[in-house]
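The numbers here are math on the coordinates, done by the rules we state, and not lab data. Just so it is clear, the structure is predicted and the values come from calculations on it, not from any experiment. Every residue, glycine as well, gets a Cβ built from its backbone with ideal geometry; the counts of neighbours run over all protein chains shown.
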Amino acid sequence: MTDVRPSQQMRDLGVVQEGAAILTTPARPFNLPSERNEAERIVDELFAALNRISQVHPFAKGMGIAAPQIGIGRAAAVVQPPGDAPAIILLNPRITARVDASDEQYEGCLSFFDVRGLVPRPLEITVATTTLAGETVATVYEHGLARLIHHEIDHLDGLLYTARMRSGASPIPVEQYRQSGQAWAYDRS
């Protein structure tokens, strides 16, 4: 029996993989509330994808998925924080403020799950999102949750985490990451 690479496993679960143009194309925002039904349909698809993925891979530090990762070029993402916290739905999210303080942690991405990369991110961000009723709401996120949210917003802006890595840095194979003793990112593998 041959081992299935993590990226192949994600592809089999319906996650678009690195190299697809949709991952580097900014997502189209929703016009809410007029596109409410479309936004709800896409959010339902994102939750279904999260459910499929969580059945085969545990994510102790939380996880998220953006609509482009399931082949939909719209500005929607869902983040599942660690533990029993409720999922966070992001529609038309944009970062409106960030603190100067940052840290650098390993991140993984469902769209190229065979590697992990050290990514500097702010320790606190303020994110404005649009509700289904068309109202704008601002929320402050800190530490690990700020990292998860920022990662998904990057997807909606057409950026992969590799664009945020320090100059000259490269992702490392997941096997090397597991041996590094610095496992933080999105999984407990």
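With everything on Cα atoms, drop me the angle between helix 143-156 and the longest principal axis of the chain, reported from 0 to 90° to the nearest 10. It is inclined by approximately 70 degrees.
Can you give me the relative contact order of the chain as a percent, contacts being Cα pairs under 8 Å and 6 or more apart? Computed value for the chain: 26 percent relative contact order.
Stokes-Einstein diffusion coefficient for segment 77-122 at 37 °C in a medium of 0.692 mPa s, Rh from the Kirkwood formula over Cα pairs: what value in µm²/s? Don't skip to the answer; put the middle values down first.
Details: Rh = 13.1 Å.
Calculated translational D: 251 µm²/s.
Please label the shape of segment 30-127 as rounded, prolate or oblate, based on the square roots a ≥ b ≥ c of the eigenvalues of the alpha-carbon gyration tensor (a/c under 1.5 means rounded; beyond that, a/b larger than b/c means prolate, else oblate).
Details: a/c = 1.85, a/b = 1.21, b/c = 1.53.
Because a/c hits 1.5 or more and a/b fails to exceed b/c, segment 30-127 counts as oblate.
Which shape class applies to segment 97-152: rounded if a/c is under 1.5, otherwise prolate when a/b exceeds b/c and oblate if not, where a ≥ b ≥ c are the square roots of the Cα gyration tensor eigenvalues? Mind showing how you got there, number by number?
Numbers: a/c = 4.00, a/b = 1.51, b/c = 2.65.
It comes out oblate by the Cα gyration axes.
Full extension of the chain between Glu38 and Thr131 yields a length gain of 32.2 nm, computed as 0.36 nm times the residue separation minus the alpha carbon distance.
With both labels modelled 7 Å from their Cα along Cα-to-Cβ, the Glu104 to Arg28 distance reads 3.9 nm. Highest-first packing order for the peptide set 109-118, 164-173, 58-67 is 109-118, 58-67, 164-173, based on the mean count of other beta carbon atoms within 10 Å. Paramagnetic label reach from Leu123 (point 7 Å along Cα→Cβ; backbone nitrogen cut-off under 16 Å): within segment 139-162, residues 141-148.
Over its Cα atoms, what ratio of radius of gyration to 2.2 N^0.38 Å does the chain give? It would help to have the intermediate numbers written out before the result.
On the way: Rg = 15.8 Å, N = 189, 2.2 N^0.38 = 16.1 Å.
The chain yields a ratio of 0.98.
Please give the contour-minus-distance gain from Asp84 to Glu175: 0.36 nm per residue of separation, less the Cα-Cα distance, rounded to one decimal in nm. Show your work: numbers first, answer last.
Working: separation 91, 0.36 × 91 = 32.76 nm, distance 2.86 nm.
So the extension gain works out to 29.9 nm.
Classify segment 1-45 as rounded, prolate or oblate from the Cα gyration tensor: take a ≥ b ≥ c as the square roots of its eigenvalues, call it rounded if a/c is under 1.5, otherwise prolate when a/b beats b/c and oblate if not. Here segment 1-45 falls in the oblate category.
Placing +1 on the Cβ of every Lys and Arg and -1 on the Cβ of every Asp and Glu, with nothing else charged, gives the chain a dipole about its Cα centre of roughly 200 debye.
Size check on segment 10-79: the Cα extents along the three principal axes, sorted descending, read 36, 24, 20 Å. Averaged over residues, the count of other Cβ atoms within 10 Å places the peptides 137-144, 85-92, 149-156 in the sequence 149-156, 85-92, 137-144, highest first.
Reported to the nearest whole Å, the Cα centre-to-centre distance from segment 68-101 to segment 111-158 is 5.
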